[in-house]
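Working notes, structure below.
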Amino acid sequence: MNSKPNRIPFLVLFLISCIFSCTSHDPSPISEDLRERSVATLEEVLHQQQSWVKVHAAEYKLWAGYPNGVYEVFLEEKERLEAIPQYRIGIWRVLAQASPTQAATYWPKIVGAFNDPSGNDRVHAAETAAKLGLSLEDLAPKATSEVLGGEINSLYVYTLWSTLHGENPTRSSGDLLELILSPGVEELPKMQAAFALRNYGNLTKEQWEKLADAALEEPSESMAKVYLLSAAFLHAPDAATEEAKYLNLKRNLLAMADSPKKGERMEMAIALGESGEVEELPVLVGLLEGNNPIMEEGESREEALENAVNADIRATAAYAILQLDRTEEYFLAWGDWMVVVFYLMGMLGIGYFFSRKNKDEKDYYLGGGKMNPIAVGLSLFATLLSSLSYLSYPGEMVKYGPVIFSGVLIFPLVYYVVGWFLIPKFMKLRVTSAYEILEINLGVSIRLLATFFFLSLRFLWMGTIIFITVHTAILSIFGFDPSFTLLISVLLMGITIFYTTMGGLKAVVFTDVIQSAVLIGGALLTLFVVSWHFGSVSAWIPQDWLPHWGELKLGFDARERLTIANALLTTFVWYVASSGSDQMSIQRFLATENIHTARRTFGVSLITTFVVQVLLGFVGLAVLAYFTAFPRYMAPGETLNTHADQLFPKFILVGLPVGISGLVAAGILAAAMSSLSSGLNSTSSVISEDLLKRFSKAYKQPKNQLRSIRNLSLFVGVLALGLSLLISRVEGNLYDIIVKVVNLFVSPLFVLFFMALFVPFATARGTFWGGIASVAIAVAIAFFKVWGIEVLYIMPVSLGVGILIGTLLSWVDHKIFGNPETMAKRIKAAAIIKDEFPEKDEL
């Protein structure tokens, strides 16, 4: 991703330079020269040194955010040296970190080495498992139990450390501390326990006090001394950083700068780098430059600097400096805040404006039934492409590459299937709630089941939008403390409830059009800014398939997370199922005048979705290139892989000029509120038509309906807000959470509509159990991974199973038991269509 000369005209360059000078970013404490020397040192050690010094340099590059070349170098090491015990563990450890999509390839090898009681690299395997966050208690329970039931040695310590990463760990950092404080424990296990504690942390104030006392009391000649000091120094509570004990820890650490022991210098450097205390930078620079190298008798300074001992120290100092380079904090400027405030005020004004134009229920839910198809299409696009998509697509591109985006190639087939098979069916039955169709064909029980599926889907969807928007975007961009999460969520939902309950569908569609423009504009601005930094568009587009994306595969494979065919199948099923069963989609079809305008509406939504998905894919590539070139803008511990979903929000904060950062942040809020507003409107519509009107006589009075509808939207919003607090308990990355939680009921819901619309002999009993079976298989795949099926097959498999079981049971019910309900309901449906729409040929 090399930069090319900028060819933008001089005047444009001058104006843009003036804008970019008005950023809210302070200069880094690390100079460009020192940064380049640190990176060059790591590169030099990686290529010139051997064995574990090479491993250390590789890991330092990965952790500091400069992964280029590491994967390729260690693939060569694997080819040449994988047969060497102990060092092979280091090779697997580096490759697992350099290519996380292939990490699972190396986990069984590491666990296998640990399970071999006669192997001479069990200790290295246990240490590596702990460093990679693998729980040997989960992966090798028998061997783990045997080790922890034996003597306290190196294998014991590292195995204990690994158990802290379990799904339900029975041990804690207190067990490591107890081992350190136990009398009679040898220096080596004590040192390794302190090393583990420095990496793991999670100490209470009382535990830290004990650790700090132990560190200060440890004899200076003990090999555990520096590791105890480092662990206590790094994990000191904020309130203790001005105490004498903390300052004493720091003085003891700094005294290690000229130690004759390599390990003491390296551990001291890591502690200083990860602490973020920039005032100690000269100490690290001295180590980097080898001002006082460890020398053997008769060895010159130049020779000493090139040996493995000092190379290891210099690489560690380089890593520590690059860690200090990532300690700066960034915040929105006042200009950004003004943009966001004016935007939110505008949304409230729109809700108030349209509230004065709604006269009845049809105006509120369907906008009078004669809305502009292009505006409705943009609204449908904004609804389907929520803030979940806006945040997850760039992150998916960063972590896994462009495979999922190949799904847009199936859009023409989606348009044909929806436009010529589904839309005509819906337009023949002009109803307020889509689920009236199910009652007409299959009875009340199926309509109520569909209502349950829909409400479950939409409540989870809205709750996830609130959670993801607040946790992934708002907290990152606006810099709020996580303790304000609930207050922010209430404010976000409150504004949305206000303009939705006031204005109905007209307000939703109007604001969706505005928000679509902001959404697209935010993506375009990001691409422009990154291209400005690199000099051209081609400079930031990868020329080769990146190693951490994993192997590119084409065919269908339910046990692979991503292949081209999997992406096409999943995309097709999601769009057809959503368009054919989701009240939010069907509501917009019914808001148009006839089949032709409904098709145009759907076509507009597909075209805009295609454009924005491609844009967001390029946004992912752009921010990937940006943070690869400027990893200093990521916080310590953040990497391109582990924080892929946060890179776009992070770029909005650090990469854009004042004002533009606020505009794009407003775009993310826009996407969230657009989807939430549509969810509120359509969900309250279903509750109104399918539940309240059916079971409440008072609700049927016309004078009460519009007020009740608004109160209902308020209730829906509050319930979704409550669910958002529970979504935080769901594990997995952003895209997986969306597929597992948000899309769980998509296929089961469409199973009911498919049976009602396309299976002539469908019965209520058969359809009911087909829907239940579809939910069961979706849950089994999502949360139990039955048969090893990956999450992207949740929708295709659950759809197929539901239709198969529903069709089979309906046939049995119809043919064997002679159930007469099917034909009677079909005749009733045909009569309704004929009586209410004699002009159906024009539809």
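The values are calculated or read from the model by the stated rules, or taken from the named source; none is laboratory data. Every value quoted in this text rests on a predicted model; they were computed, and no experiment measured them. As a convention, Cβ positions derive from the backbone with ideal geometry for all residues, glycine included, and neighbour counts pool all protein chains shown. Note: areas computed on protein heavy atoms with side chains; ligands, DNA, RNA excluded. Shrake-Rupley method; radii C 1.70, N 1.55, O 1.52, S 1.80 Å.
For the reader, a short list of remarks on this structure follows.
- Scope segment 778-814; condition on the phi > 0 side of the Ramachandran plot and of a type in the set (G, A, S); matching residues: G788
- Within segment 609-618, the only residue that satisfies the criterion of being surrounded by fewer than 18 Cβ atoms within 10 Å (Cβ to Cβ) and aromatic (F, W, Y) is F610.
- Selection status of A567, surrounded by fewer than 24 Cβ atoms within 10 Å (Cβ to Cβ), under 20 Å from the mean Cα position of the chain (by Cα) and in contact (Cβ under 8 Å) with a residue 60 or more places away in the chain: yes
- Residue within segment 67-78 that is of a type in the set (S, T, N, Q) and either open to solvent by 50 Å² or more (accessible area, probe 1.4 Å) or touching a strand residue (DSSP E or B) at 6+ places or on another chain (Cβ under 6 Å) (or both) present: yes
- Test: residue in segment 87-105 that is open to solvent by 40 Å² or more (accessible area, probe 1.4 Å), modelled with pLDDT of 95 or more, of a type outside the set (V, I, T) and in a helix (DSSP H, G or I): yes
- The residue of segment 307-329 that is nearest to the chain's Cα centre (by Cα), among those that are assigned to a helix (DSSP H, G or I) and polar (S, T, N, Q), is Q323.
- Qualifying residue in segment 284-306 (condition: open to solvent by 20 Å² or more (accessible area, probe 1.4 Å), outside any loop (DSSP other than H, G, I, E, B) and either touching a Leu at 6+ places or on another chain (Cβ under 6 Å) or closer than 18 Å to H47 by Cβ (or both)): yes
- Considering the conditions (1) crowded, with 20+ Cβ neighbours inside 10 Å; (2) modelled with pLDDT of 85 or more; (3) not small (G, A, S), L366 is excluded by exactly one of them, (2).
- Residues that are open to solvent by less than 50 Å² (accessible area, probe 1.4 Å), farther than 17 Å from L164 by Cβ and assigned to a helix (DSSP H, G or I), drawn from segment 111-122: G112, A113, R122
- Taking every residue in segment 234-254 that is over 12 Å from A212 (Cα atoms) and pairing it with any residue that is of a type in the set (D, E, K, R) and open to solvent by 50 Å² or more (accessible area, probe 1.4 Å), at least 6 positions away or on another chain, the pairs with Cβ-Cβ distances below 9 Å are A239/K205.
Conditions (1) open to solvent by 10 Å² or more (accessible area, probe 1.4 Å); (2) within 19 Å of the chain's Cα centre (by Cα); (3) closer than 27 Å to A756 by Cα, marked per residue:
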| residue | (1), (2), (3) |
| --- | --- |
| F572 | yes, no, yes |
| S581 | no, no, yes |
| R599 | yes, no, yes |
| I607 | yes, no, no |
| G620 | no, yes, no |
| F630 | yes, no, no |
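- Checklist (1) within 17 Å of S456 (Cα to Cα); (2) crowded, with 16+ Cβ neighbours inside 10 Å; (3) of a type in the set (F, W, Y) applied to Y735, failing item: (1)
- Of all positions in segment 411-431, at least one carries a residue that is β-branched (V, I, T) and in contact with a Lys or Arg (Cβ under 9 Å, 6 or more places away or on another chain).
- Residue check: G133 meets all listed conditions (1) of a type outside the set (A, V, I, L, M); (2) buried (at least 21 other Cβ atoms within 10 Å of the Cβ); (3) part of a loop (DSSP other than H, G, I, E, B) but one, namely (2).
- Members of segment 630-653 found to be of a type in the set (A, V, I, L, M) and part of a helix (DSSP H, G or I), listed by number: A644, L647, I652, L653
Condition check ((1) under 21 Å from N68 (Cβ atoms); (2) under 24 Å from the mean Cα position of the chain (by Cα); (3) of a type outside the set (S, T, N, Q); (4) open to solvent by 70 Å² or more (accessible area, probe 1.4 Å)) across all residues:
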residue	(1), (2), (3), (4)
I520	no, yes, yes, no
V530	yes, yes, yes, no
H533	yes, no, yes, yes
S536	yes, no, no, no
D544	yes, no, yes, yes
P547	yes, yes, yes, no
F556	no, no, yes, yes
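- Against the list (1) closer than 18 Å to G667 by Cα; (2) open to solvent by less than 40 Å² (accessible area, probe 1.4 Å), the condition L640 fails is (1).
- Condition check for V470: over 16 Å from V739 (Cα atoms) and modelled with pLDDT under 85: no
- Residue match in segment 317-328 (condition: among the hydroxyl-bearing types (S, T, Y) and closer than 25 Å to M223 by Cα): yes
- Residues of segment 654-682 satisfying the condition of being assigned to a helix (DSSP H, G or I) and in contact with a His (Cβ under 9 Å, 6 or more places away or on another chain): V654
- Residue within segment 805-814 that is of a type in the set (S, T, Y), under 34 Å from the mean Cα position of the chain (by Cα), part of a helix (DSSP H, G or I) and crowded, with 20+ Cβ neighbours inside 10 Å present: no
- When segment 309-335 is filtered for residues that are in contact with a Phe, Trp or Tyr (Cβ under 9 Å, 6 or more places away or on another chain), of a type in the set (A, V, I, L, M, F, W, C) and open to solvent by 10 Å² or more (accessible area, probe 1.4 Å), the ones remaining, listed by number, are F331, L332.
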